[in-house]
Every structure is written in C-alpha cells, then in structure tokens.
Amino acid sequence: MRDIGLTHARRPPVGIRPVPLGPSSEPALHYPLGDGSDPGALVTLRHLSAHLRAGVPGATTDG
C-alpha cells in the first residue's frame, strides 16, 4: 500500500470496491472477489493485479 498509494488502490478499474482494513497508520484494503465459484472472478483478479502493479514505481505490468 505504501508504494502503490491509497488513492490509486482505492480506485480499481473493476466493478468491486475495496473494504478498508487496519489502522489509518498502516492501511490495507480487501477486494472481495467472491467464494471461488465464479470463473469471471479470475479475469477481475487479473485486471485488479495489473492496476495495482501499475501503481508501483518501476514495476512492470507484464506479470
């Protein structure tokens, strides 16, 4: 979260909204993707992962 930035992490380009966790001094976010029974959740996870990697300075988005 520290490298990505809370603002970037709170605005994923997918149809889910993160749930804040932890104290404001060490924030964390939980992205509810379901119970594993929806095959579309894997696509959502891939989009979310790419978005979060793009927020890390110097990181590549190719996996």
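The values are calculated or read from the model by the stated rules, or taken from the named source; none is laboratory data. All figures in this text were calculated on a predicted structure; none of them were measured in a lab. Heads up, the Cβs are rebuilt from the backbone with ideal geometry, glycines too, and the neighbour counts pull from every protein chain shown. What goes into the accessible areas is simple: the full protein's heavy atoms, side chains included, and nothing from ligands, DNA or RNA. Shrake-Rupley method; radii C 1.70, N 1.55, O 1.52, S 1.80 Å.
The apolar share of the surface of the chain, taken as the fraction of accessible area on carbon and sulfur atoms (1.4 Å probe, ligands and nucleic acids excluded), comes to 55 percent.
Please identify every one of the trypsin sites (Lys or Arg not before Pro) in the range 3-63 that sits in a loop by DSSP and has no more than 15 other beta carbons within 10 Å of its own beta carbon. Write down the numbers at each step before the final one.
Working: sites: R10, R46, R53; in loops: R10.
In loop regions of the range 3-63 (DSSP not H, G, I, E or B), the sparsely surrounded trypsin sites (Lys or Arg not before Pro) are R10.
Positive-end ranking of L45, P32, P20 along the dipole of the chain, with charges on Cβ about the Cα centre, is headed by P20. The relative contact order of the range 1-46, computed from alpha carbon pairs under 8 Å that lie at least 6 residues apart in sequence, is 27 percent.
Helix content alone sets the calculated 222 nm mean residue ellipticity of the chain: runs of n ≥ 4 DSSP H residues at -39500 (n - 2.57) each, divided across all residues, give -8500 deg cm²/dmol. Rg then Dmax, both in Å and based on the Cα atoms of the chain: 12.2, 35.
Segment R2..A28, full-extension length gain: 8.4 nm, with 0.36 nm per residue of separation and the alpha-carbon distance subtracted.
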